[in-house]
Amino acid sequence: MAAGLTSAHAFAASLRRELQHWRSDRWELALVTVLPLLLMALMMWLFSGSVLRQVPIALVDLDHSPISRGLARAIDDSPGVRVASQPASLQQAQAQLRALEVFAIVLVPRDLSRRALRGETVPVYAFYNATYMATGQSAGRDIGDAVSAYNARMLKQQIALQVGPAKLRGPPVTVQATVLSNPARSYELFLLPLIFPAMLSLLAALAAGAALGREQRDGLLGGWLQQRPWAAMAGKLFPYVALFSLYGAFGVLYLAYVRGDGMAGSLWLMLLAQPLFYLACCSFALLFIAVTRDTCTGLSAVGLTIGTALAFSGATFPVIEAPLFTRVWNMLLPLTAYVQVQMQQLFMGASWQVSLRPLAVLLLMSVVAGGLGACLLLRAARQQARA
């Protein structure tokens, strides 16, 4: 870059330089164009089923009565599960569970009908495989719903005829649980809003880190940065932030208006969150490349942090009362702040003021990580110039 450039000219020159490199390197171009769209399309297809259906379960009927057979039909009629087998004993059912032929077991105890017709409370036991947590919990929930519905119907149709309607008593305290923000319990609307930003942020950070590491590896830092280093670095990162922000916005619009019920909160706030999020991720890539001064090591650090962010974001597994390291790591990740904004605005309909804090956190991450990384990269450039 020629001496005497203004910041705007230095920004534009660095941007043109990066775009020209994309034209000459088809693999890097594919990394930031074809691969993100291909992966997003693949995730859309994989989770298009939305809700788990027909999870196979085993039902052990030790009562062999009309009531127990009616209960079995009621469970089998539930859309979420299907009675795949009816073994004679619990041991046989457990063997099927261990072989992953079924994911849950329903045990109907002996004397179910006799005790129920006397007005007693009789438990029906449900066991589910928690090693497959989502599948097992879904099966357990659908079994419980089916048993509750059959229980209410049996109270009216059979038990009331035996003991008389006057003796029927409902429980003194009940819980009425209402599902908020995802009433269909769609796994698509639970997982895709997490997978999209996690996947795109990793690709953005890897691509930006590789671009910065390339300058350092080839000894071009001094010639690239020259008089306006901050503008030059901004120009290099701009296409990555802009492009992945477009992908992120596309993912949000797809989830809200194609697969969901619209944007519950502010669309404009969600669009603002995209560049802040991807700028923070690219700033971390800049920091890692500048600290390690080695492209491979820096990209490994990107994979260790940005690549594992989904597990520590608090969206899939809670970090409440987690070890101190886990809670601190959670707060240091850009995905954590972004997911808060996304859940508040996309699904929960929170006011825009509530989301200002996580947006400010993303901006702060960009300033701190990006500023520190830029200073270290400038030092490396001066050392290259003296060498």
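The values are calculated or read from the model by the stated rules, or taken from the named source; none is laboratory data. Every value quoted in this text rests on a predicted model; they were computed, and no experiment measured them. So basically every Cβ, Gly included, is an ideal-geometry build from the backbone, and we count neighbours across all protein chains shown. All accessible areas refer to the heavy atoms of the entire protein, side chains included, with ligands and DNA or RNA removed. Shrake-Rupley method; radii C 1.70, N 1.55, O 1.52, S 1.80 Å.
Using the alpha carbons alone, the radius of gyration of segment 14-73 stands to its Kirkwood radius in an Rg to Rh ratio of 1.60. Distances between every pair of Cα atoms in the chain, grouped in 10 Å steps from 0 to the bin holding the largest one, split as 5, 19, 22, 18, 14, 10, 7, 4, 2, 0 percent. The calculated FRET efficiency for Ser48 paired with Met348, based on their beta-carbon distance and R0 = 25 Å, is about 0.55. Whole-percent P(r), segment 1-117, all Cα pairs, 5 Å bins from 0: 2, 10, 12, 10, 9, 7, 5, 5, 5, 5, 5, 5, 5, 5, 4, 4, 2, 1, 0. Here the chain carries DSSP beta bridges of which approximately 35% are antiparallel, counting only pairs with both residues inside. First select every other residue whose beta carbon is under 15 angstrom from the beta carbon of Phe312; then total the charges, Lys and Arg +1, Asp and Glu -1. My count for the surroundings of Phe312 gives 0.
If we count every other residue with Cβ under 12 angstrom of Ala12's Cβ, Lys/Arg +1 and Asp/Glu -1, where does the sum land? Charge balance near Ala12 sits at +3. Remark: accessible surface ordering of Cys296, Cys281 (largest first) is Cys296, Cys281, probe radius 1.4 Å. What is the sum of charges, Lys and Arg at +1 and Asp and Glu at -1, for the other residues whose Cβ falls under 12 Å from the Cβ of Leu212? Combined, the nearby Lys, Arg, Asp and Glu give 0. Over segment 327-387, all Cα pairs binned in 10 Å intervals from 0 give whole-percent P(r) values of 20, 34, 22, 14, 7, 2, listed from short to long.
Against the longest alpha carbon principal axis of the chain, how many degrees, from 0 to 90 and to the nearest 10, is the axis of helix 356-386 turned? The angle comes out near 40 degrees. What the Cβ-Cβ distance of Leu332 and Tyr187 gives, at R0 = 30 Å and to the nearest 0.05, is a FRET efficiency of 0.60. In this Cβ point-charge picture (+1 for Lys and Arg, -1 for Asp and Glu), the chain has a dipole of about 300 debye about its Cα centre. Estimated translational diffusion coefficient (Stokes-Einstein, Kirkwood radius over Cα pairs, 37 °C, 0.692 mPa s) of segment 252-387: 202 µm² per second. The HN-Hα couplings worked out from phi for segment 100-114 by the Karplus form 6.51 cos²θ - 1.76 cosθ + 1.60 (θ = phi - 60°) are 6, 7, 9, 10, 7, 10, 10, 10, 9, x, 5, 6, 4, 5, 4 Hz, whole numbers, x standing for Gly and Pro.
With the helix formula -39500 (n - 2.57) applied to DSSP H stretches of n ≥ 4, the chain reaches a computed 222 nm mean residue ellipticity of -20000 deg cm²/dmol.
Proximity of backbone amide H atoms, modeled 1.01 Å from N, is registered between Val60 and Val106, Leu107, Val108 at under 5 Å, excluding neighbours fewer than 5 places apart on the same chain.
Modelled spin-label separation between Ala360 and Val291, with each label point placed 7 Å from Cα along the Cα-to-Cβ direction: 2.5 nm. With q set to 0.15, 0.24, 0.26 Å⁻¹, the log10 of I(q)/I(0) for segment 227-279, from the Debye formula over equal scatterers at the Cα positions, is -0.49, -0.87, -0.95. With the convex hull constructed from alpha-carbon coordinates only, segment 310-361 shows a mean projected area of 3.6 nm² over all directions. Once the Kirkwood radius over Cα pairs is known for segment 60-133, the Stokes-Einstein relation at 4 °C and 1.567 mPa s delivers a diffusion coefficient of 100 µm²/s.
A Förster distance of 41 Å, applied to the separation of the beta-carbon atoms of Gln383 and Trp27, puts the FRET efficiency at 0.90. Largest GNM mean-square fluctuation across Ala84, Ala301, Ala198, computed for the chain with C-alpha springs under 10 Å, falls on Ala84.
The angle separating the long axis of helix 66-77 from the principal Cα axis of greatest extent in the chain is about 20 degrees.
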